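Asks: Quick one: structure below, then a few questions.
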Amino acid sequence: MTYSLLGPMRVVESSAFIAAPLAGLTLAQYGADVIRIDAIGGGIDYARAPRMPGGRSLYWTGLNKGKRSLAVDIRRPEGRELVQSLVTAPGEAGGILLTNIGTPWLAHALLAARRSDLVSCTISGNPDGSSAVDYTVNAAAGFPAMTGEGSLQHPVNHALPAWDIACAYQAAFAVLAAVQRRRLQAVGAELRLALSDVAFTTLSHLGYFAQAELLHEERPALGNHLYGAFGRDFGTRDGRRVMVAGISAAQWRALCGACDLDARYAAMDEDARFAAREEIAVHVQAWCAARDLAQVEAAFERHKVCWGLYRGVQDLVDNDPRVGA
């Protein structure tokens, strides 16, 4: 879906992998004219899996839809000059660079000498420019030791590149903020974002750092239980699996009503529900196991339970109305 909220705005993107391309895609979906700079024949992630039988990367195509592409031989001085001229071309719409390549000939100072109000955003792995990817940053952030049954000796990695995604949206927001300031004050900006900074500040925002620093606690691995409230996965009689969450008081009342939990459980606050999670789970599992998914779904919908069905992606694409919408 594309909205025409950022036109006219031209962003030159020199990027690979996830964070910077997703930031550019986000800007393009809101109406910016995003022009990728690509190596002739494709860049380093142009053929990354998954691929169609003919070799076309679905990954690359998904992250770069809605953009234009300029294929340039950047090994030649003429190619570099072409890109530099595109980035620094005069006009209110342009003068915006988004990159995670770290190319010296696209350095902010070099380009700002040609256009003083340049807005550049450079994404790196670490603040010092050293290499890191989402999965190495996530290991440092501690999440594999608290995911599922994980520990520091037996970490459990997850498939979602969360810090790439968070960094991408942070970068898109930062670019817009800098462009807005340029419109008001006629000044440029050099923006630098690191995946590790995004990850570690998120840990701070969500209380993980404070829990370690002030309470001297490590967040434990809890299997599939939610931390600090009640929520877990449960199996139905016909072999399907559902996730339920009772975080707010209204969500908890709904779950108690749907699963016939008695008044003692219904009166529990969030801390009590978390402490009694194993005991409560026995009752909810017994209730779900006695019913097919259709019966569970009907009861959950009637009581307005916060729940979700575990699906494969193929099932999601084929059967979840939210995807079609």
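Asks: Would you tally the residues in the range 191-234 being among the small types (G, A, S) and open to solvent by less than 30 Å² (accessible area, probe 1.4 Å)?
Replies: 8
Asks: Examine the range 274-283 for a residue that is part of a loop (DSSP other than H, G, I, E, B), closer than 27 Å to T147 by Cα and either open to solvent by less than 50 Å² (accessible area, probe 1.4 Å) or not acidic (D, E) (or both), and state whether such a residue exists.
Replies: yes
Asks: Just the residues that are of a type in the set (A, V, I, L, M) and touching a helix residue (DSSP H, G or I) at 6+ places or on another chain (Cβ under 9 Å), please, taken from the range 242-271.
Replies: V242, V244, A245, I247, A249, A254, L255, A258, L261, A263, A266, M268
Asks: Anything in the range 150-188 that is small (G, A, S), assigned to a helix (DSSP H, G or I) and touching a residue at least 40 places away in the same chain (Cβ under 8 Å)? List them, or say none.
Replies: Those that are small (G, A, S), assigned to a helix (DSSP H, G or I) and touching a residue at least 40 places away in the same chain (Cβ under 8 Å): A168, A171, A172, A174, A178.
Asks: Quick one: in the range 259-273, which of the residues that are assigned to a loop (DSSP other than H, G, I, E, B) and not aliphatic (A, V, I, L, M) is most open to solvent (accessible area, probe 1.4 Å)?
Replies: Selected residue: D260.
Asks: Could you list, in sequence order, all residues of the range 300-315 that are open to solvent by 60 Å² or more (accessible area, probe 1.4 Å) and either free of Cβ contacts under 8 Å to residues at least 40 places away in the same chain or in contact with a Ser or Thr (Cβ under 9 Å, 6 or more places away or on another chain) (or both)?
Replies: Residues satisfying the conditions are E301, R311, V313, Q314.
Asks: Another one. Among the strands (runs of 3 or more DSSP E) confined wholly to the range 1-111, which include 3 or more residues that are open to solvent by 40 Å² or more (accessible area, probe 1.4 Å)?
Replies: Filter on the range 1-111 gives 68-72.
Asks: Hey, among Y227, Y265, which residue is of a type in the set (F, W, Y) and over 27 Å from N157 (Cβ atoms)?
Replies: Testing whether each residue is of a type in the set (F, W, Y) and over 27 Å from N157 (Cβ atoms) leaves just Y265.
Asks: Taking into account only those residues within the range 155-190 that are closer than 22 Å to G91 by Cβ and polar (S, T, N, Q), which is most open to solvent (accessible area, probe 1.4 Å)?
Replies: Q185
Asks: Under the condition of being among the hydrophobic types (A, V, I, L, M, F, W, C) and closer than 11 Å to E270 by Cα, which residue from the range 235-258 is surrounded by the most Cβ atoms within 10 Å (Cβ to Cβ)?
Replies: By that ranking, first place goes to W252.
Asks: So, in the range 140-149, exactly how many residues are in contact (Cβ under 8 Å) with a residue 24 or more places away in the chain, open to solvent by less than 40 Å² (accessible area, probe 1.4 Å) and touching a helix residue (DSSP H, G or I) at 6+ places or on another chain (Cβ under 8 Å)?
Replies: Residues meeting the conditions: 2.
The values are calculated or read from the model by the stated rules, or taken from the named source; none is laboratory data. Everything numeric in this text was worked out from a predicted model, so none of it was measured. Using ideal geometry, Cβ is built from the backbone for each residue, glycine included, and neighbour counts are taken over all protein chains shown. In case anyone asks, the SASA skips ligands and DNA or RNA and just uses the protein heavy atoms, side chains included. Shrake-Rupley method; radii C 1.70, N 1.55, O 1.52, S 1.80 Å.
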